[in-house]
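Since the structure comes first, as structure tokens, the remarks are kept for the end.
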Ligand SMILES: [Zn+2]
């Protein structure tokens, strides 16, 4: 993993403008982990991929995560904070070549964990429940019932649900839940935290601020964009301060 400089992040942001969130996340990872090769991230389990994204976020913007949520009971907007170390799960780092087994009610399943290619295939699906069913069936490599071949489409709902739970256990980083308590009405609930959308929103804000900084410094000092991006963040900020509002 390497440190991304301002020019790297701006390039990824620009290239990602007309891409899906999934493609943006993969582009960011390929840039941050050049040693991994361009195709390897698509093959990582979702949780392993998201753990890598958390590491990228830590290097870029630090380890404190600050986010908003709206209380479903009283509609109050609350701010929550977490440290990346609190939500980073130390899993073995699964690639989807890993195969797992599940035995339930005489069904013997061989399966793999969902990866970004699965998500890519299911993008745009409007029905979340149907998409989850399709995702789970995609991850089944083979299935036998009482020792004989069984059609995946014929699997009972209880087996599919058991598979879903097993996948969640094996790849907990894929679904990060944050427990919240409303300070106004004491209602307790949990929210899902998606590092890909969170980080991209941060990069988007950062890029807009950075372009304004480049614009101001270039106009004042006549420096090129490259020269300005090569300055340390501290120096950029100091020069900005000298220009004034
Ligand atoms: Zn509330």
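All of the numbers you see were taken from the coordinates with simple rules; none came from a lab. On a predicted model such as this, the values are computed, not experimentally measured, just so you know. Don't worry about glycine lacking a Cβ; one is built from the backbone with ideal geometry, like all the others, and counts go over all protein chains shown.
Against the main long axis of the alpha-carbon atoms of the chain, helix 128-139 sits at an angle near 70°. The distance from the alpha carbon centre of segment 1-80 to that of segment 219-245 is 26 Å, rounded to a whole number.
Nearest 10 degrees, 0 to 90: what angle lies between the long axis of helix 46-61 and the longest principal axis of the chain (Cα atoms)? Approximately 10 degrees, to the nearest ten. Working from Cα pairs under 8 Å separated by at least six residues, relative contact order for the chain is 20 percent. In this label model, residue 82 and residue 164 are separated by 2.1 nm, measuring between points 7 Å along each Cα→Cβ vector.
Sort 64-70, 134-140, 3-9 by the packing proxy (mean of other Cβ within 10 Å over each peptide's residues), most packed first.
Values: 64-70: 13.4, 134-140: 17.4, 3-9: 15.6.
The most tightly packed comes first, giving 134-140, 3-9, 64-70.
What residues from segment 211-245 fall in the zone where the backbone N is under 17 Å from a label point 7 Å along the Cα-to-C-beta line of residue 59? What the label zone holds, given the 17 Å backbone N cut-off, is 233.
Suppose we look only past 25 Å in the calculated P(r) of segment 23-151. What percent of the Cα-Cα pairs does that tail hold?
Values: 3748 of 8256 pairs.
More than 25 Å apart: 45 percent of the Cα pairs in segment 23-151.
Distance between the modelled labels on residue 202 and residue 234, one decimal in nanometres: 2.2 nm (7 Å Cα→Cβ projection). As a ratio to 2.2 N^0.38 Å, the alpha-carbon radius of gyration computed for the chain takes the value 1.24. For the chain, the longest principal axis of the alpha carbon atoms and the long axis of helix 233-243 meet at an angle near 40°.
Potential lengthening of the chain between residue 31 and residue 189 amounts to 53.3 nm, from the contour at 0.36 nm per residue minus the alpha-carbon distance.
Calculate, in nm to one decimal, what residue 144 and residue 227 gain on full extension: separation in residues at 0.36 nm each, minus their alpha carbon distance. Result: 23.6 nm gained on full extension.
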